[in-house]
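Just below is one structure, and these are the notes that go with it.
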Amino acid sequence: MTLEAHQRLLNSLAKALEIQGVTITHLDINEMPEYFDEKYRKLPAPKERDGYKPDLEGMKGALRHLGEVKISIKGDKNMDSQFKAFASREMNGKEIPFHIAIPKSLKKDLEKKLYKLDLYKKYKNNTIKIWAELHDI
């Protein structure tokens, strides 16, 4: 898949999170505003955390949310440490929700990866949320 597919999926993740009550505060549009809704085009890029920058940041109440889009699971050498960095963050004593958007065909592979990274428990208790059914909302 292409960068275009990544950006379209990121836009869909932002919209889906807003439906869930998350206010999108930062989005990495990567100088490709044409793939994003108008309201997202002027948002600042997310801040770096533990050496990695998520694709999306948002707030729901007093709790930050982080989001990442992956259009492929294999061949991303940074994915393991990136996922661990984002999934281990806390704010005010609460775990920060980490949202991962992927094409539907990769859901099983991503679940296996989370299991290997010892993050499956966070997935099962919804600290990590996999979005594999996103379409243009």
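For region 70-85, does any single residue satisfy the condition of being open to solvent by 70 Å² or more (accessible area, probe 1.4 Å), free of Cβ contacts under 8 Å to residues at least 12 places away in the same chain and assigned to a helix (DSSP H, G or I)?
Taking every residue of region 70-85 in turn, none turns out to be open to solvent by 70 Å² or more (accessible area, probe 1.4 Å), free of Cβ contacts under 8 Å to residues at least 12 places away in the same chain and assigned to a helix (DSSP H, G or I).
Table: residues versus (1) in a loop (DSSP other than H, G, I, E, B); (2) at pLDDT below 95; (3) of a type in the set (S, T, N, Q); (4) open to solvent by 40 Å² or more (accessible area, probe 1.4 Å).
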| site | (1), (2), (3), (4) |
| --- | --- |
| Met1 | yes, yes, no, yes |
| His6 | no, yes, no, no |
| Leu13 | no, no, no, no |
| His26 | no, no, no, no |
| Pro54 | yes, no, no, no |
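Can you tell me how many residues within region 107-137 are in a helix (DSSP H, G or I), open to solvent by 80 Å² or more (accessible area, probe 1.4 Å) and within 16 Å of Ser81 (Cα to Cα)? So that I can check it myself, show each step before the final result.
Of region 107-137, the ones in a helix (DSSP H, G or I) are 107-116, 120-124.
Then keep just the ones that are open to solvent by 80 Å² or more (accessible area, probe 1.4 Å); that gives 108, 112, 115-116, 121, 124.
Remaining after also requiring within 16 Å of Ser81 (Cα to Cα): 112, 115-116.
Qualifying residue count for the region: 3.
Between a first residue in region 19-31 that is among the small types (Gly, Ala, Ser) and a second residue that is open to solvent by less than 30 Å² (accessible area, probe 1.4 Å) and assigned to a helix (DSSP H, G or I), which pairs have beta carbons less than 9 Å apart while being 6 or more apart in sequence or on different chains?
none
Restricting region 38-89 to residues that are of a type in the set (Gly, Ala, Ser) and in contact with an Asp or Glu (Cβ under 7 Å, 6 or more places away or on another chain), which is farthest from Leu134 (Cα to Cα)? Let's see the steps before the verdict.
So the first thing to find is which residues in region 38-89 are of a type in the set (Gly, Ala, Ser), and the list is 45, 51, 58, 61-62, 67, 72, 75, 81, 85, 87-88.
Within this subset, residues satisfying the condition of being in contact with an Asp or Glu (Cβ under 7 Å, 6 or more places away or on another chain) are 45, 67, 85.
Numbers: Ala45: 22, Gly67: 14, Ala85: 24 Å.
Restricting to residues being of a type in the set (Gly, Ala, Ser) and in contact with an Asp or Glu (Cβ under 7 Å, 6 or more places away or on another chain), the top hit is Ala85.
The values are calculated or read from the model by the stated rules, or taken from the named source; none is laboratory data. As the structure is a computational prediction, the values presented were derived from the model and not from experiment. Neighbour counts run over all protein chains shown; Cβ positions are idealised from the backbone, glycine included. The area values use the complete protein model at the heavy-atom level, side chains included, leaving out ligands, DNA and RNA. Shrake-Rupley method; radii C 1.70, N 1.55, O 1.52, S 1.80 Å.
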